[in-house]
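The values are calculated or read from the model by the stated rules, or taken from the named source; none is laboratory data. Source: prediction; values computed, not measured. Neighbour counts run over all protein chains shown; Cβ positions are idealised from the backbone, glycine included.
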Amino acid sequence: MKHLDEIVKAFGMTNMLLEEDLNQVEQRFGLDLGRQVRSKSDDPVRRQFDMAVRAEAAAMAVHYETFYCLEKTIRSLITDVLEAAEGDAWWTSARIPSVIQAAVATRIARERESGVTRRSTDELDYTTFGELSEIIKASWALFGSVLNDVKAVETVMARLNTLRGPIAHCAPLAEDEILRLELTLKDWFRLLK
């Protein structure tokens, strides 16, 4: 038994030495090898939340990250296509429905009046996910060159908008909806030419 204890201790010490060596490599070369789980859920303020809620949040974080990346990508696609066609003033062009421009102006004013830091200098960042679909449809003559079918875009964007609800409003996704999100993401990428 003593021999086994010595082996376990040696294993533990070797692991600690390797971890320290890796820490030095990361520091010396400015790398993040992804070995550390950097979660704020363990800080003193967040520890006050129920552990089950924190675990649920951690499980939902991957879906939020996925949707964040998708939404940023769609916004970038819209900007690229409209900027190529209309130049820097694309937001004020007739390609953006006036009802969306007005809604965005209201959101920007409301944010400014609240005294918080402005989230963006880009008006497109103030549109809802549903409005992104409307912008694409309104300028389908341009977007048809990068997306396959307007009806398919409308269908996929509507499904994504429905799936976005629980993610954006702190409700867990059911197992079927996680699968649906994964499939709908694949559907979105199939729409790109």
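Taking the criterion of being closer than 28 Å to Asp176 by Cβ and either modelled with pLDDT under 95 or not in a helix (DSSP H, G or I) (or both), would at least one residue in the stretch 104-122 satisfy it?
No: zero hits.
Could we say that Ser93 is modelled with pLDDT under 95 and assigned by TED's automatic domain parsing to the domain that holds Phe143 here?
So Ser93 fits the description; yes.
So that you can scan it fast, the table gives a plain yes or no per residue for (1) in contact (Cβ under 8 Å) with a residue 60 or more places away in the chain; (2) touching a Phe, Trp or Tyr at 6+ places or on another chain (Cβ under 9 Å):
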| residue | (1), (2) |
| --- | --- |
| Ser133 | no, no |
| Lys137 | no, yes |
| Phe143 | yes, no |
| Asp149 | no, no |
| Val156 | no, yes |
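Residues of the stretch 88-131 being among the acidic types (Asp, Glu) and free of Cβ contacts under 8 Å to residues at least 40 places away in the same chain, which ones?
First, pick out the residues of the stretch 88-131 that are among the acidic types (Asp, Glu): 88, 111, 113, 122-123, 125, 131.
Within the stretch 88-131, Asp88, Glu111, Glu113, Glu123, Glu131 meet the criteria.
Residue by residue through the stretch 148-175, note down the ones that are touching a Lys or Arg at 6+ places or on another chain (Cβ under 7 Å) and outside any loop (DSSP other than H, G, I, E, B).
Those that are touching a Lys or Arg at 6+ places or on another chain (Cβ under 7 Å) and outside any loop (DSSP other than H, G, I, E, B): Val150, Glu154, Leu163.
Do the conditions hold for Arg54, that is, is it touching a helix residue (DSSP H, G or I) at 6+ places or on another chain (Cβ under 6 Å), of a type outside the set (Ser, Thr, Tyr) and under 25 Å from Ile178 (Cα atoms)?
Yes; evaluated as a whole, the condition is true for this residue.
What is the one condition in (1) modelled with pLDDT under 80; (2) surrounded by 10 or more Cβ atoms within 10 Å (Cβ to Cβ); (3) within 30 Å of Leu179 (Cβ to Cβ) that Lys40 does not satisfy?
Against the list (1) modelled with pLDDT under 80; (2) surrounded by 10 or more Cβ atoms within 10 Å (Cβ to Cβ); (3) within 30 Å of Leu179 (Cβ to Cβ), Lys40 comes up short only on (2).
How about the stretch 124-133: which of its residues are in a helix (DSSP H, G or I) and either among the basic types (Lys, Arg) or surrounded by fewer than 17 Cβ atoms within 10 Å (Cβ to Cβ) (or both)?
Within the stretch 124-133, the first condition is being in a helix (DSSP H, G or I), and the residues that meet it are 124-126, 129-133.
Asp125, Gly130, listed by residue number.
What do you reckon, is Thr117 loosely packed, with under 11 Cβ neighbours inside 10 Å and either β-branched (Val, Ile, Thr) or under 17 Å from Cys69 (Cβ atoms) (or both)?
Considered against the rule, which asks whether it is loosely packed, with under 11 Cβ neighbours inside 10 Å and either β-branched (Val, Ile, Thr) or under 17 Å from Cys69 (Cβ atoms) (or both), Thr117 comes out as yes.
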